[in-house]
Amino acid sequence: FYEITFPGFKYNMTDIQAALGLTQLAKLEAMQKRRQEIADIYNEEFAELPELELPAQKSYSRHAWHLYVIKLKLERITVDRAEFIRMLSEENIGTSVHFIPVHLHPYYRDRYGYKRGDFPRAEAVYDRIISLPLYPKMSPADVRDVINAVRRVIAKVRK
């Protein structure tokens, strides 16, 4: 969970960070290939779970798989996103919630008076999304652990 409390810029890369970034560029293709492999496994393993909406992958583009974001179909389960995340945590699976609607951050809420309900479509998506672990160094066992944990949690909360 993170909050924007003040507007600003984030462009403070140091020379050392730039050097590391250049080194990482040499590994980009391999890292993207591994991310795609993991996403393909997740897609295959989760496709049969009607409680989840999986990320879209368009045939005309190449997905970066920076994140693997599932959407919970809340009408098909007995818990909300926070409880689902807690249950995954009990299974030793760390998750995150990305794409918090801008109007819910303190700066925008306080400065412009935005409140929950002002952008219901953004909030409806936000209330259902969870980013699952996905990084190039994930071992096959790590990937399997995530899949098994998600399946166990779904089995517990399925309507």
query: Given charges of +1 on the Cβ of Lys and Arg and -1 on the Cβ of Asp and Glu, with all other atoms neutral, how large is the dipole of the chain about its Cα centre, in debye to the nearest 20?
result: 220 debye
- prompt: Taking the chain as a Gaussian network, Cα atoms linked when under 10 Å apart, which of Gly94, Gly21, Gly117 shows the biggest mean-square fluctuation?
  reply: Gly21
statement: With only helices counted (DSSP H, runs n ≥ 4, each -39500 (n - 2.57)), the per-residue ellipticity at 222 nm for the chain, to the nearest 500, works out to -14000 deg cm²/dmol
- request: Sort the range 19-92 into rounded, prolate or oblate with this rule: let a ≥ b ≥ c be the square roots of the eigenvalues of the Cα gyration tensor; rounded if a/c is under 1.5, and if a/c is not under 1.5, prolate when a/b is larger than b/c, oblate otherwise.
  value: prolate
Probe 1.4 Å, all protein chains present, accessible-area order of Met31, Met13, largest first: Met13, Met31
Pairs from Lys71/Lys159; Lys73/Lys156; Lys33/Lys71; Lys115/Lys159; Lys27/Lys73 whose Cα-Cα separation, in the structure shown, is over 26 Å: Lys115/Lys159; Lys27/Lys73
message: Solvent-accessible area of Thr23, probe 1.4 Å, all protein chains present, reported in Å² to the nearest ten, please.
response: 80 Å²
field: Fraction of alpha-carbon pairs over 23 Å apart in the chain - percent
entry: 50 percent
message: Expected output is a single nm value to one decimal: the length gained when fully extending between Ile100 and Lys159, i.e. 0.36 nm times separation in residues minus the C-alpha distance. What is it?
response: 18.5 nm
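The values are calculated or read from the model by the stated rules, or taken from the named source; none is laboratory data. Please read these numbers as outputs of a predicted model, since none were measured by experiment. A quick note on method: Cβ atoms are made from the backbone with ideal geometry, for glycine too, and the neighbour counts reach across all protein chains shown. Areas reflect the complete protein model, heavy atoms only, side chains present, ligands, DNA and RNA absent. Shrake-Rupley method; radii C 1.70, N 1.55, O 1.52, S 1.80 Å.
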